[in-house]
Amino acid sequence: MTLTLSRTRDELLQHLRQAPHPGKPAREYLEQEQQRLNDRFNDTPIRELVNARALLVDDVLACAWQIFSLDAANDVALLAVGGYGRGELHPHSDVDLLILSAGTPEKEICDKLEKFVAFLWDIGLEIGHAVRTLDECVELAEQDITIATNIMEGRTLYGAESLYEQLSERTAPDKMWPSDEFFTAKWDEQVSRHRKFNFTEYNLEPDIKNAPGGLRDLQMVGWIAKRHFGADSFDEILKTGFFTEDEHQILLKCQDHLWRVRWALHQITGRNENRLLFDYQRQMAEEFGLKDSTANLGVEQFMKRYYRVALGLSVLNEMLLQFFDETILQKGGSQEVRKINRRWQVRNDYLEVTADNVFERSPSALIEAFVLLGQQTEIKGIRASTVRLIIENRKIIDDEYRNDLRNTSLFMELIRSPHNLYSNLRSMKRYGILGQYLPEFGGIIGMMQYDLFHIYTVDAHTLMVMRQMRRMRYESTREQFPLAHEVFYRLPKPELLYLSGLYHDIAKGRGGDHSKLGAEDAIAFCQRHGLSSWDAKMLAWLVQNHLLMSVTAQRKDISDPEVVHEFAKKVGDLVHLDYLCALTIADINATNPNLWNSWRASLMRQLYRETKRTLRRGLNNPMDKQDWIDETRAAAQSLLSQRDVDQDKIDALWSGIGDEYFLRENAMDIAWHTEAILNRTNGQDPVVLLRESSGGQIEGGTQIFIYTPDIENLFAASTNALDQLGLTIVDARIITSADGFTLDTYIVLDENGTSIGNDPPRIEAIRQTLTDTLRDPDQFAEIMQRRMPRRHKHFDVPTEVTISNDIVNDRTSIEINTLDRPGLLARIGQVLAEFEIAVQNARIATLGERAEDVFFVSNREGNPVSDPQLCERIQTRLKEELNNRNWD
């Protein structure tokens with residue numbers, strides 16, 4: 001070790017004994033030496049730093065033991081256990097200690113031990129300690145695998161070495177926890193730990209110690225080998241043949257990287273923090289010298305490195321533990337072997353090669369393995385020894401291999417396989433085959449996008465999309481995804497859908513338009529794999545337009561027949577619509593499980609049905625707006641006549657309401673609104689109606705209708721009241737009548753992303769709050785000051801405001817992209833009110849930390865906002881208000 005401490009242990013002991021109060025110099029020494037270690041972070045191997053930190057604590061503890069005269073106690077020993085027992089400590093790691101005694105210590109010793117422990121806390125050490133007799137330790141180790149593991153990693157810091165020797169002997173594998181039982185218990189422990197992190201290495205804020213691919217997975221390999229072989233280090237394990245030299249080097253490299261990340265994380269946070277929270281990720285990237293580029297942020301580069309290390313370690317952990325189980329624990333057990341062909345056989349339901357040189361003789365077998373898994377469901381997986389050979393031989397895959405007809409045919413056979421496509425592609429990715437065979441896919445492995453919208457890395461999202469696509473086949477998904485289930489069975493070639501999922505995001509992180517670049521990659525794939533010209537065109541179109549349907553449904557007014565017609569023109573025919581619909585639903589669901597809700601499902605369903613109607617009518621025969629309006633009025637009148645509503649009153653009310661109302665609302669809702677308005681007892685009182693929005697043109701949320709005199713601040717007051725009620729607005733339609741009343745419809749969801757449902761007390765509370773607010777909008781409650789969610793605070797989302805005029809619909813659109821936060825809509829409403837701008841319609845979308853809202857507005861005369869200088873002032877004022885963090 002090149003690192004040395006500034007004092008020897010004897011020098012430190014003398015220094016502390018000379019001080020009237022040794023706690024102060026001990027604390028100062030710890031802090032000074034730790035700072036010296038931190039200063040060497042960028043030029044010293046992390047292994048030396050970790051070992052030096054442990055040695056520093058060793059010296060301080062040994063000196064403290066002597067200061068309190070515990071060295072005179074012959075039947076008591078101070079032991080380091082756990083990670084500290086391995087001689088591995090990070091700046092703020094817990095210092096795990098076991099004070100071991102032959103029997104119950106005398107009161108004098110107990111008093112000294114109590115002062116010793118208090119001293120350690122006083123000097124700033126975070127200790128975890130236990131005081132136990134030898135018999136107590138043995139009894140507890142028999143009952144608790146964690147205690148047995150900690151003891152196994154112990155070492156004596158001071159005192160009688162014979163005590164730990166006795167403890168080791170009495171807790172050895174021949175006395176308790178033999179290899180097979182130890183393995184089973186630790187395996188169950190690992191599965192339980194991984195379950196807390198959803199069995200993925202790719203969490204947005206990963207725990208570098210406990211999550212899959214974290215340091216615990218590394219330690220797991222060491223524990224199993226130590227228990228069985230008695231090996232104390234990776235170097236000693238290597239000699240047993242448990243892993244290869246290449247695997248040994250991978251373990252060491254993974255350990256080094258994770259240790260560097262953990263050390264830096266402790267430095268930055270000043271505590272024993274093992275979670276890579278958003279709060280620290282940018283600073284960590286800077287600590288590692290990573291800068292933003294035109295293609296990727298520095299933080300994205302940092303997290304990509306972490307995810308790749310975690311993936312590599314997770315795969316190795318999984319393979320080595322399976323190998324231990326198969327070749328050591330199951331050795332001598334019954335073996336059932338079934339031969340498939342010259343290359344493959346099945347042993348105890350797991351696939352294995354017939355000889356170690358199969359991949360050298362038949363390189364195509366690297367893909368054939370996964371084809372067999374997709375065809376024969378009785379095969380549970382691949383044996384560890386064969387996984388090792390697959391990983392070792394993956395570099396066989398080069399350009400010649402990728403263009404070999406045998407291999408391209410096998411890959412397409414895999415894509416068309418009837419079973420386990422997602423599982424097999426995931427295994428191919430984990431073993432390094434998929435990224436090697438498709439280098440463009442290799443480029444996105446571990447790639448994260450620094451936002452809250454995309455909760456998976458690009459590669460994980462891609463495979464999740466394909467998983468969602470496969471689920472569309474099952475009858476069990478019909479209820480949750482009825483539209484996707486319906487269109488899936490009309491697709492002429494489902495494999496094109498799967499390939500669109502594989503390629504839709506494959507060009508992310510390269511800079512430029514990933515949809516266009518991905519389409520180019522898709523065409524190259526089709527040419528290499530012998531797909532037809534029609535297949536190639538369809539796949540490229542899907543990849544290039546994979547965002548078209550979601551953007552149209554969520555950001556445009558799909559109640560407008562012209563919007564639907566424009567979308568239909570881009571789609572062209574029903575086959576393209578079916579493919580795009582299935583891809584869009586899978587993409588949304590695989591982006592973020594919280595993103596798909598009944599509201600988004602209804603938008604997709606509405607756009608699909610209206611587009612299908614348009615395509616069947618013919619693109620050259622678009623729906624006339626006036627015909628649409630006349631049909632809606634007639635249907636609403638028919639409903640009202642059945643309820644004996646006076647026709648003259650209906651005509652009088654409708655005469656002041658423009659055609660836009662009948663274009664945007666459906667007949668059932670118009671009848672509902674009309675009857676309630678006409679039944680008012682006080683002509684100036686606001687009408688507030690609530691009901692589920694099912695069965696109409698728009699479904700999936702709770703519909704709130706407001707009819708009240710149109711005055712300033714109405715939109716801001718209404719949205720603020722809804723925000724205070726904990727409701728999320730996803731759609732707003734604002735109509736102003738000729739006689740000065742406004743007819744507003746809001747579609748809202750509760751905090752769980754669902755409609756309010758049958759909850760009379762809550763519905764009444766909402767109705768009363770809105771009624772009170774609307775009676776005096778100028779006096780509405782102060783804009784919501786709820787605290788912004790922690791995660792949102794770490795994203796810099798500069799406000800973008802785009803103002804453009806829609807000549808066809810005679811209105812202005814204002815698109816706002818900004819950081820989402822409580823009170824946002826109310827503040828936007830206030831700014832628009834300052835300029836006497838009326839909101840006619842709004843589409844509200846929250847994507848992670850981003851709000852992407854579109855407002856269709858007009859001036860007070862109902863005309864577009866056409867003055868360029870006024871548009872510029874509105875744009876500037878919106879940016880000024882929304883970039884102001886003082887109200888967060």
### Message
Please determine whether any residue of region 539-546 is touching a Cys at 6+ places or on another chain (Cβ under 9 Å), within 24 Å of Asn407 (Cβ to Cβ) and free of Cβ contacts under 8 Å to residues at least 24 places away in the same chain.
### Response
yes
### Message
Quick check on region 307-351: of everything there that is among the hydroxyl-bearing types (Ser, Thr, Tyr) and open to solvent by less than 70 Å² (accessible area, probe 1.4 Å), which residue is farthest from Pro363 (Cα to Cα)?
### Response
Tyr307
### Task
Would you check which residues across region 539-563 are in contact with a Lys or Arg (Cβ under 8 Å, 6 or more places away or on another chain) and in a helix (DSSP H, G or I) and list them?
Gln544, Leu548, Ala553, Gln554, Arg555, Pro561, Glu562, Val563
### Query
Taking region 1-16 only, how many residues are of a type in the set (A, V, I, L, M) and in a loop (DSSP other than H, G, I, E, B)?
3
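Filter the helices (runs of 4 or more DSSP H) completely within region 129-220 down to those with at least 3 residues that are acidic (Asp, Glu) and more than 22 Å from Asp58 (Cα to Cα).
Per the criteria, 134-143, 179-195.
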#### Entry: The listed residue being farther than 30 Å from Glu287 by Cα and either among the hydroxyl-bearing types (Ser, Thr, Tyr) or free of Cβ contacts under 8 Å to residues at least 40 places away in the same chain (or both), out of Val95, Val117, Val81
Val117
### Task
Hey, could you check region 355-369 for residues that are open to solvent by less than 20 Å² (accessible area, probe 1.4 Å) and in contact with a Phe, Trp or Tyr (Cβ under 9 Å, 6 or more places away or on another chain) and say which is farthest from Leu405 (Cα to Cα)?
Val358
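Out of all the residues in region 404-413, is one or more of a type outside the set (A, V, I, L, M), touching a Leu at 6+ places or on another chain (Cβ under 7 Å) and surrounded by fewer than 21 Cβ atoms within 10 Å (Cβ to Cβ)?
No.
Of all residues in region 294-303, which are open to solvent by 50 Å² or more (accessible area, probe 1.4 Å) and either modelled with pLDDT of 90 or more or among the aromatic types (Phe, Trp, Tyr) (or both)?
Initially, region 294-303 is screened for residues open to solvent by 50 Å² or more (accessible area, probe 1.4 Å), giving 294, 297, 301.
Those that are open to solvent by 50 Å² or more (accessible area, probe 1.4 Å) and either modelled with pLDDT of 90 or more or among the aromatic types (Phe, Trp, Tyr) (or both): Leu297, Gln301.
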### Query
What is the one condition in (1) more than 33 Å from the chain's Cα centre (by Cα); (2) in a loop (DSSP other than H, G, I, E, B) that Thr742 does not satisfy?
(2)
#### Entry: Residues that are part of a loop (DSSP other than H, G, I, E, B), in contact with a helix residue (DSSP H, G or I) (Cβ under 7 Å, 6 or more places away or on another chain) and closer than 15 Å to Asp578 by Cα, drawn from region 446-489
Met472, Arg473, Phe481
#### Entry: Single condition Thr736 does not satisfy, out of (1) in contact with a Gly (Cβ under 8 Å, 6 or more places away or on another chain); (2) within 27 Å of Thr681 (Cβ to Cβ); (3) modelled with pLDDT of 85 or more
(3)
### Query
In region 199-251, which residues are on the phi > 0 side of the Ramachandran plot and surrounded by fewer than 17 Cβ atoms within 10 Å (Cβ to Cβ)?
Phe199, Gly230, Gly241
### Task
Determine whether region 551-561 contains at least one residue that is modelled with pLDDT under 90, open to solvent by less than 10 Å² (accessible area, probe 1.4 Å) and among the β-branched types (Val, Ile, Thr).
yes
### Query
Could you say whether any residue in region 166-173 is touching a Cys at 6+ places or on another chain (Cβ under 9 Å) and open to solvent by less than 50 Å² (accessible area, probe 1.4 Å)?
yes
### Task
Test each condition in (1) at pLDDT below 95; (2) out of contact with any helix residue (DSSP H, G or I) (no Cβ under 7 Å at 6 or more places or on another chain); (3) not β-branched (Val, Ile, Thr) for Asp232 and report the one that comes out false.
(2)
## Note on the structure
Heads up, the helices (runs of 4 or more DSSP H) in region 324-417 (entirely inside) with at least 3 residues that are under 26 Å from Ser314 (Cα atoms) and in contact with a strand residue (DSSP E or B) (Cβ under 6 Å, 6 or more places away or on another chain) are none
### Summary
Of the residues in region 500-522, those that are under 17 Å from Val551 (Cβ atoms), touching an Asp or Glu at 6+ places or on another chain (Cβ under 8 Å) and outside any loop (DSSP other than H, G, I, E, B) number 2
### Query
Is one or more of the residues making up region 17-29 touching a Ser or Thr at 6+ places or on another chain (Cβ under 7 Å) and outside any helix (DSSP H, G or I)?
no
### Task
State whether one or more residues within region 645-657 are within 41 Å of the chain's Cα centre (by Cα) and either among the hydrophobic types (A, V, I, L, M, F, W, C) or over 30 Å from Gln544 (Cα atoms) (or both).
no
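Determine which member of the set Ser423, Ser476 is more than 25 Å from Ala384 (Cα to Cα) and surrounded by fewer than 19 Cβ atoms within 10 Å (Cβ to Cβ).
That would be Ser476, the only listed residue that is more than 25 Å from Ala384 (Cα to Cα) and surrounded by fewer than 19 Cβ atoms within 10 Å (Cβ to Cβ).
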### Query
When region 40-78 is examined, which residues are found to be within 21 Å of Arg7 (Cβ to Cβ), in contact with a strand residue (DSSP E or B) (Cβ under 8 Å, 6 or more places away or on another chain) and open to solvent by 10 Å² or more (accessible area, probe 1.4 Å)?
Asp58, Gln66, Asp71
### Query
Which of the residues belonging to region 483-501 are in contact (Cβ under 8 Å) with a residue 40 or more places away in the chain and more than 22 Å from Ser423 (Cα to Cα)?
Leu483, Val487, Arg490, Leu491, Pro492
### Task
Take region 631-669 and flag every residue that is charged (D, E, K, R), open to solvent by less than 80 Å² (accessible area, probe 1.4 Å) and either farther than 18 Å from Ile735 by Cβ or touching a helix residue (DSSP H, G or I) at 6+ places or on another chain (Cβ under 7 Å) (or both).
Arg633, Asp646, Asp659
### Query
Which is surrounded by 18 or more Cβ atoms within 10 Å (Cβ to Cβ) and free of Cβ contacts under 8 Å to residues at least 60 places away in the same chain, of His504, His514?
His514
### Summary
Within region 1-27, restricting to residues that are more than 48 Å from the chain's Cα centre (by Cα) and open to solvent by less than 70 Å² (accessible area, probe 1.4 Å), the one that is nearest to Val117 (Cα to Cα) is Pro22
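If we keep just the residues of region 101-125 that are more than 19 Å from Val60 (Cα to Cα) and in contact with a strand residue (DSSP E or B) (Cβ under 9 Å, 6 or more places away or on another chain), which is most open to solvent (accessible area, probe 1.4 Å)?
Ranking the candidates gives Thr104 first.
The values are calculated or read from the model by the stated rules, or taken from the named source; none is laboratory data. Because the structure is predicted, anything quoted here is derived from the model rather than measured. Reconstructed Cβ throughout: ideal geometry from the backbone, glycine too, with neighbour counts over all protein chains shown. Please note that ligands, DNA and RNA were not included when accessible areas were found on the heavy atoms of the full protein model with its side chains. Shrake-Rupley method; radii C 1.70, N 1.55, O 1.52, S 1.80 Å.
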